[in-house]
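Novice: Have a look at this one before I ask anything.
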Amino acid sequence: MSALRFVMLCPIHSWRIQSLKLFGAEIGPGVTVYHGLKARGARRISIGARTSIGDAATLDGRGGLSIGKDVNFSSEVQVWTAQHDWKSADFAYSDAPVRIGDRCWLGPRVIVLPGTTIGEGTVVAAGAVAKGNLEPFCLYGGVPAKKLGERPRNIDYQLDGSRSKLWWW
């Protein structure tokens, strides 16, 4: 994990992508990974085509993490798939997979907890804590995240962040 963390601070974007692949992550074409990513259990992380992972994000793959296509993670998003059971007498470890659908957008400093599924096209507002099943094409916000509205279902954009990304940044 330390070696991967070091490479994620590297100013050369292609090195960050290649390092994630080297550590076992499945990375689709056109994925953009900004500086400072913290990845745990990379071999259980899958990132779909054209997804953009913002500065200083944390991706925990220990319990299994699947991120769809054309997803945007803003800066400092944290996705957790493992934790300790706060009710356990022996501080037991538990994990559960996280699934994030295509064309989702997670705002700055969103936290996604183990076992969460975020439906296709859903937006999670800045600072929200997502847990459970978030419906497709909705806006969620708050702590814990609650449904605030609905998003149009006719979205079909494709992100092209890696095309405009400078190779050295």
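Novice: Can you work out which of the residues in the stretch 6-33 that are of a type in the set (A, V, I, L, M, F, W, C) and closer than 19 Å to V77 by Cβ is most open to solvent (accessible area, probe 1.4 Å)? Steps first, answer last, please.
Specialist: Kept after step one, since they are of a type in the set (A, V, I, L, M, F, W, C), are these residues of the stretch 6-33: 6-10, 12, 15, 17, 20, 22-23, 25, 27, 31, 33.
The next check asks that each one be closer than 19 Å to V77 by Cβ; those that pass are 8-9, 17, 20, 25, 27, 31, 33.
Numbers: M8: 0, L9: 98, I17: 19, L20: 5, A25: 10, I27: 26, V31: 7, V33: 1 Å².
Among them, the one singled out is L9.
Novice: Taking the stretch 23-49 only, how many residues are charged (D, E, K, R) and out of contact with any strand residue (DSSP E or B) (no Cβ under 8 Å at 6 or more places or on another chain)? Explain how you work it out, then say what you get.
Specialist: Start the filter on the stretch 23-49 by keeping residues that are charged (D, E, K, R), which leaves 26, 38, 40, 43-44.
Applying the additional criterion that residues be out of contact with any strand residue (DSSP E or B) (no Cβ under 8 Å at 6 or more places or on another chain) yields 43.
So the answer is 1.
Novice: Kindly provide the set of residues from the stretch 58-71 that are of a type outside the set (A, V, I, L, M) and either in contact with a Ser or Thr (Cβ under 6 Å, 6 or more places away or on another chain) or assigned to a loop (DSSP other than H, G, I, E, B) (or both), ordered by number.
Specialist: Of all residues in the stretch 58-71, those of a type outside the set (A, V, I, L, M) come to 58, 60-64, 66, 68-70.
Matches in the stretch 58-71: D60, G61, R62, G63, G64, S66, G68, K69, D70.
Novice: Something else about it: Select from the stretch 123-161 the residues that are under 14 Å from V112 (Cα atoms), open to solvent by 40 Å² or more (accessible area, probe 1.4 Å) and aliphatic (A, V, I, L, M) and list them in ascending order.
Specialist: A126, V143
Novice: Right, something else. From the residues in the stretch 72-82 that are free of Cβ contacts under 8 Å to residues at least 40 places away in the same chain and part of a loop (DSSP other than H, G, I, E, B), which one is nearest to the chain's Cα centre (by Cα)?
Specialist: V77
Novice: Sticking with this one: Suppose we filter G36, G61, G41 for residues that are buried (at least 23 other Cβ atoms within 10 Å of the Cβ) and over 16 Å from T122 (Cα atoms); which single one remains? First the steps, then the outcome.
Specialist: Numbers: G36 fails: buried (at least 23 other Cβ atoms within 10 Å of the Cβ); G41 fails: buried (at least 23 other Cβ atoms within 10 Å of the Cβ).
One residue alone meets the criteria, G61.
Novice: Can you name every residue in the stretch 83-104 that is surrounded by fewer than 20 Cβ atoms within 10 Å (Cβ to Cβ) and in a strand (DSSP E or B)?
Specialist: Q83, H84, Y93, S94, D95, R99
Novice: Given the conditions (1) over 20 Å from L159 (Cα atoms); (2) surrounded by 19 or more Cβ atoms within 10 Å (Cβ to Cβ); (3) among the hydrophobic types (A, V, I, L, M, F, W, C), report the number of the one that V77 does not fulfil.
Specialist: (1)
Novice: Of the residues that sit in the stretch 44-57 and are assigned to a strand (DSSP E or B) and open to solvent by 10 Å² or more (accessible area, probe 1.4 Å), which one is modelled with the highest pLDDT? It would help to see each step written out before you state the result.
Specialist: If we filter the stretch 44-57 for residues that are assigned to a strand (DSSP E or B), which is where we start, we get 45-47, 52-53.
Those still in the list that are open to solvent by 10 Å² or more (accessible area, probe 1.4 Å) too: 46, 52.
Values: S46: 98, S52: 95.
Checking each candidate, the answer is S46.
Novice: Looking only at the stretch 105-144, which residues are in contact (Cβ under 8 Å) with a residue 24 or more places away in the chain, in a loop (DSSP other than H, G, I, E, B) and not small (G, A, S)?
Specialist: The answer is P108, R109, V110, L113, P114, E120, T122, P136.
Novice: Within the stretch 18-35, track down each residue that is touching a helix residue (DSSP H, G or I) at 6+ places or on another chain (Cβ under 6 Å) and assigned to a loop (DSSP other than H, G, I, E, B).
Specialist: Passing the criteria: F23, G24, A25, G30.
Novice: Would you say K87 is more than 18 Å from I111 (Cα to Cα) and either at pLDDT 95 or above or hydroxyl-bearing (S, T, Y) (or both)?
Specialist: Criteria not met by K87.
The values are calculated or read from the model by the stated rules, or taken from the named source; none is laboratory data. Here the structure is a predicted model, which means the values were calculated and not measured. A quick note on method: Cβ atoms are made from the backbone with ideal geometry, for glycine too, and the neighbour counts reach across all protein chains shown. Side chains included, ligands, DNA and RNA excluded: accessible areas come from the protein's heavy atoms. Shrake-Rupley method; radii C 1.70, N 1.55, O 1.52, S 1.80 Å.
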